[in-house]
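Novice: Let me begin by handing over the structure; questions about it come next.
What follows is calculated from the coordinates using simple rules that are stated; it is not laboratory data. The model shown is predicted, which means the values in this text are computed figures rather than measured ones. All Cβ positions, even for glycine, are placed from backbone atoms using ideal geometry, and neighbour counts span all protein chains on display.
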Amino acid sequence: MKLLASFLLLIGVTLLIRSTALTSLAVRGIVIDALAFATVVWALRYGESWGTGFGFALGLAADLDAAHWLGRHALVLALVGYVVGRSSLSLVRESPGTQLVLLFLVTLVHQAWIAAFDFGGVFAWGPLFHRVILAALITAPVGTLLLMLLRIVTGTPLFHATAQSGPSA
């Protein structure tokens, strides 16, 4: 029950931050992908099953919040949650380098998928490339610094539980 409450709370907080604080930055061209960040963190902590479910639920809620094609975020975030959760068994999850690379790659995939729906035609490749790369270059270090800060504040490793531990973690 505690894990389900955390699941729903993180989805709500992520959507709230995305639709309030990060919107003003996005208007200025600074895109921080909170959806990709939250999905990576949850999948690293709880593995592929919970990562897939979290990515799908967060993506579906983001699609409903943005009032566009249903499933646009849900599909890619579910896939990202599965891949990151599956690979979390063989990764050093506490390593800032690992987190930086994962956040960069996941943001790149998520933003490219979303941008494919926003832009059309060959002439849109320039702005699409700029938006996707810029988002990945900003989200990865910001997310890694946030995880380092959380680790320092809590004084415990964020991903100390095994990925397959499930609800008891």
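Novice: Condition (residue is closer than 14 Å to Trp42 by Cα and not aromatic (Phe, Trp, Tyr)) applied to the range 106-118: is it met by at least one residue?
Specialist: Within the range 106-118, one or more residues are closer than 14 Å to Trp42 by Cα and not aromatic (Phe, Trp, Tyr).
Novice: Restricting attention to the range 13-55, report how many residues are touching a residue at least 24 places away in the same chain (Cβ under 8 Å) and more than 18 Å from Gly143 (Cβ to Cβ).
Specialist: Adding up the residues that qualify gives 8.
Novice: Residues Arg86, Arg45, Arg93, Arg28: which one is closer than 18 Å to Ile11 by Cβ and of a type in the set (Lys, Arg)?
Specialist: Sole residue among the options that is closer than 18 Å to Ile11 by Cβ and of a type in the set (Lys, Arg): Arg45.
Novice: Only one of Val109, Val84, Val76, Val31 is under 26 Å from Thr154 (Cβ atoms) and among the β-branched types (Val, Ile, Thr); which?
Specialist: Details: Val109 fails: under 26 Å from Thr154 (Cβ atoms); Val76 fails: under 26 Å from Thr154 (Cβ atoms); Val31 fails: under 26 Å from Thr154 (Cβ atoms).
Every option except Val84 fails the conditions.
Novice: While we're looking at this one, here's another question. For the range 1-103, please list each of the helices (runs of 4 or more DSSP H) lying entirely inside it that holds at least 1 residues being under 12 Å from the mean Cα position of the chain (by Cα) and surrounded by 13 or more Cβ atoms within 10 Å (Cβ to Cβ).
Specialist: Here the list reads 2-19, 34-66, 72-87.
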